[in-house]
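No lab work stands behind these numbers, since they all come straight from the coordinates. Keep in mind that this is a model prediction, so the values were computed, not measured. Please note: Cβ atoms are built from the backbone with ideal geometry, for glycine as well, and neighbour counts cover all protein chains shown.
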Amino acid sequence: MIISHKYRCVYMCPAKTGTCSTEQALREIGAEPFVFALKQKPNRKTIWRHFCQLPTQFRGYYIFATVRNPYSLLMSRFKFGHKREGTMGKITQENFERFVIRQRRTQVQKLNSPPPKGYIAYKICSFLKTESLEKDFNDLPFVKSPINMPHLNKANNSDIYYTPALAREIYDRFQIDFDTFGYSPIVPKNLARLPLL
């Protein structure tokens with residue numbers, strides 16, 4: 001989470017959704033100084049519900065988040081996990097399929113308990129798609145002049161891909177994500193090896 005008191009905004013930044021590029025873009029428009037974390041993080045489940053928990057001091061702040069196509073998001077998380085652990089040699093199709101099957105189904109639900117003392121639930125004002133990040137960022141109300149969005153941490157091509165069966169598994173598990181953010185159930189061509197019907 002990145003907070004700019006100067007622009008009265010809060011950026012909810014799930015991993016592997018263009019967060020480095022968005023952070024750099026915030027720097028370029030002069031949103032620093034940043035506050036990078038709070039003592040209590042928002043309930044991750046509420047991100048998909050368009051709500052988050054923040055201290056009452058952020059009442060009136062503009063809250064936005066980045067999202068990504070579930071197909072490319074899971075592939076990116078898989079590659080990142082191996083890179084961080086120094087096991088790049090283990091990026092194989094078999095390991096990728098095992099990784100996908102282990103992913104939890106999306107939890108979309110209302111908060112089961114009220115926010116802790118001093119916190120309230122806030123509605124996320126807008127979602128920036130990784131696939132159209134520059135346009136979506138420049139549409140934010142506090143961005144006065146359009147900027148060229150930096151593209152940091154570009155993914156490298158590899159031999160892993162989605163088979164038809166694996167694609168159906170992902171769509172079934174993350175259908176609420178596809179529906180909520182308007183992503184197509186068809187796997188992008190660069191992530192598929194076989195025809196996806």
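Each residue, Lys6 and Asp159, gets one label point 7 Å from its Cα in the Cβ direction; the gap between the two is 4.8 nm. Tally Lys/Arg at +1 and Asp/Glu at -1 over every other residue whose Cβ is under 12 Å from the Cβ of Asn138; what's the total? Here the charged neighbours net out to -2.
Pulled fully out, how much extra length does the chain show between Thr92 and Glu28, if you take 0.36 nm times their separation in residues and subtract their Cα-Cα distance? Mind dumping the intermediate values first?
Values: separation 64, 0.36 × 64 = 23.04 nm, distance 3.79 nm.
Fully extending the segment from Thr92 to Glu28 adds 19.3 nm.
Note the full-extension length gain between Cys20 and Phe142 as 0.36 nm times their separation in residues minus their Cα-Cα distance, in nm to one decimal.
Here the segment from Cys20 to Phe142 would lengthen by 42.0 nm.
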